[in-house]
1. Taking the condition of being over 22 Å from His300 (Cα atoms) and of a type in the set (Phe, Trp, Tyr), how many residues in segment 188-233 meet it?
2. Identify, by number, the condition in (1) part of a loop (DSSP other than H, G, I, E, B); (2) surrounded by 14 or more Cβ atoms within 10 Å (Cβ to Cβ) that Gly351 doesn't meet.
3. Which ones in segment 254-293 are hydrophobic (A, V, I, L, M, F, W, C), within 12 Å of Leu202 (Cβ to Cβ) and open to solvent by 10 Å² or more (accessible area, probe 1.4 Å)?
4. Do you know which of the residues in segment 46-61 that are buried (at least 16 other Cβ atoms within 10 Å of the Cβ) and hydrophobic (A, V, I, L, M, F, W, C) is nearest to Thr184 (Cα to Cα)?
5. Tell me, please, whether a residue that is charged (D, E, K, R), open to solvent by less than 40 Å² (accessible area, probe 1.4 Å) and touching a helix residue (DSSP H, G or I) at 6+ places or on another chain (Cβ under 9 Å) can be found in segment 12-27.
6. Looking at (1) out of contact with any Pro (no Cβ under 7 Å at 6 or more places or on another chain); (2) surrounded by 21 or more Cβ atoms within 10 Å (Cβ to Cβ); (3) at pLDDT 95 or above, can you tell me which one His300 breaks?
7. Can Gly41 be described as within 19 Å of Ser100 (Cα to Cα), small (Gly, Ala, Ser) and either surrounded by 16 or more Cβ atoms within 10 Å (Cβ to Cβ) or in contact with a helix residue (DSSP H, G or I) (Cβ under 8 Å, 6 or more places away or on another chain) (or both)?
Amino acid sequence: MQSFEQYTPTKVVFGKGAEERAGKLLKDAGASRAFVVYGGGSVVKNGILERVRKSVEAEGIIWEEFPGAKPNPLLSHAREGVQRAIACKADYILAIGGGSAIDTAKAVALGAAEPGTDIWEFWMGRKEIRKALPVGAVLTLSAAGSEMSDSAVLTEDGTGHKAGVNADAIRPKLAFMNPELTYTIPRYQVACGVVDILMHTLERYFTPVKGNELTDEIAEGLMRTVIKNGETAYRDQTDYDAMSELMWCGSLSHNGLTGLGRPKDFAAHKLGHGLSGMFDKAHGATLSATWGSWARYVYHLDKERFARYGRKVWGLNIEDTEGAAIAAIERTEEFFRSLQMPTCIGELGVGVLPDEVLRKLADSATKGGTVEVACFRKLSAQDLYEIYKAANHE
């Protein structure tokens, strides 16, 4: 087993009615002024916002709302949230929604704790993250895993540049997880979430570091669970058992557990972030559109690993290593298609992209070609261009 550090301080309240305990636990955590971040009108229409508000205000906590978080959350919106949180003297940031609301809340928590710093400085790596206001989350979408992760992603307005940060300071302290809150999600969003959850573990599973037996078994078990329950949830998102398994898988896939003892690759996330930032496409869809091309580009470096993935996760009974590795990639793409997820760029609805756009995407992901990304194979701007090119069809 390789050395590692693990830090998951999030207290999880899981099950029916979990959101109604928000007030009591925020009070126990010392909150007096809650700054509440959410997206559009869905949490208003379905009554979730009102239930949480009553729970929080019943404990004498001041409630300040900040709506408007969007998929691929924007830097400008997060900056506005920082100023409003400072103005109302918030001491706790509470997100209600999915990864977009939670990532926005994390950005607000960082900026409110460091009033003199523009938050984009953190995302650009020019300012070290040292502290943040405490963050809590009422989860309504199983996908990003942000409710237990140390990461947050923002998109810069105008440029479409999408970037992430990682820091223990922004890992949520509380997560309220009621699978029933995910029942009204559109089927497309369920499918995007399934892809994102699966990818968070795939990108920890395919790394060059070996010798982590338990981590492998946890990762493989989680992926089997996502696949099985993802198919059920896609057919019926009111299936409590399937939605609850997905919700918990989403949290564990991105809290570090499925990658202990090895680095994260996250090549597909780099590829996908460029597409979602430039074209404002759903994160999960951009991952499924590029993963197969990445896998075919790198699988020869460790065919045994891909073959093991096929046998342990997909149940392939293929002795030949090469055959099992290729079949594992194909089965993954078949699964994406069964959820009506794209497996190439053209299926994202952006058409076949001009060569100069592919170059721009690759250049952006590697900071102008000055850095390499990922770790299963270190990828240059030229490598990313070749992967984008392979995925660039309809």
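The values are calculated or read from the model by the stated rules, or taken from the named source; none is laboratory data. These figures come from a predicted structure and were not determined experimentally. Methodologically, a virtual Cβ is constructed for each residue, glycine included, from the backbone with ideal geometry; neighbour enumeration extends over all protein chains shown. Note: accessible area is taken over every heavy atom of the protein model, side chains too, but ligands, DNA and RNA are not part of it. Shrake-Rupley method; radii C 1.70, N 1.55, O 1.52, S 1.80 Å.
1. So the answer is 1.
2. Tallying (1) part of a loop (DSSP other than H, G, I, E, B); (2) surrounded by 14 or more Cβ atoms within 10 Å (Cβ to Cβ), Gly351 fails exactly one: (2).
3. In the first step, residues of segment 254-293 are kept if they are hydrophobic (A, V, I, L, M, F, W, C); the result is 257, 260, 266-268, 271, 275, 278-279, 282, 285, 287, 289, 291.
Adding the requirement that they be within 12 Å of Leu202 (Cβ to Cβ) leaves 266-268, 287, 291.
Within segment 254-293, Phe266 is the sole residue that qualifies.
4. Ile48
5. Step one: of segment 12-27, the residues charged (D, E, K, R) are 16, 19-21, 24, 27.
So of that shortlist, the ones also open to solvent by less than 40 Å² (accessible area, probe 1.4 Å) come out as 19.
Narrowing the set further to residues that are touching a helix residue (DSSP H, G or I) at 6+ places or on another chain (Cβ under 9 Å) leaves 19.
Yes.
6. Condition not satisfied by His300: (2).
7. no
Here's the yes/no breakdown for (1) over 15 Å from Thr207 (Cα atoms); (2) in contact with a strand residue (DSSP E or B) (Cβ under 8 Å, 6 or more places away or on another chain); (3) basic (Lys, Arg):
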| site | (1), (2), (3) |
| --- | --- |
| Ala295 | no, no, no |
| Lys303 | no, no, yes |
| Ala307 | no, no, no |
| Lys312 | yes, no, yes |
| Thr321 | yes, no, no |
| Ala327 | yes, no, no |
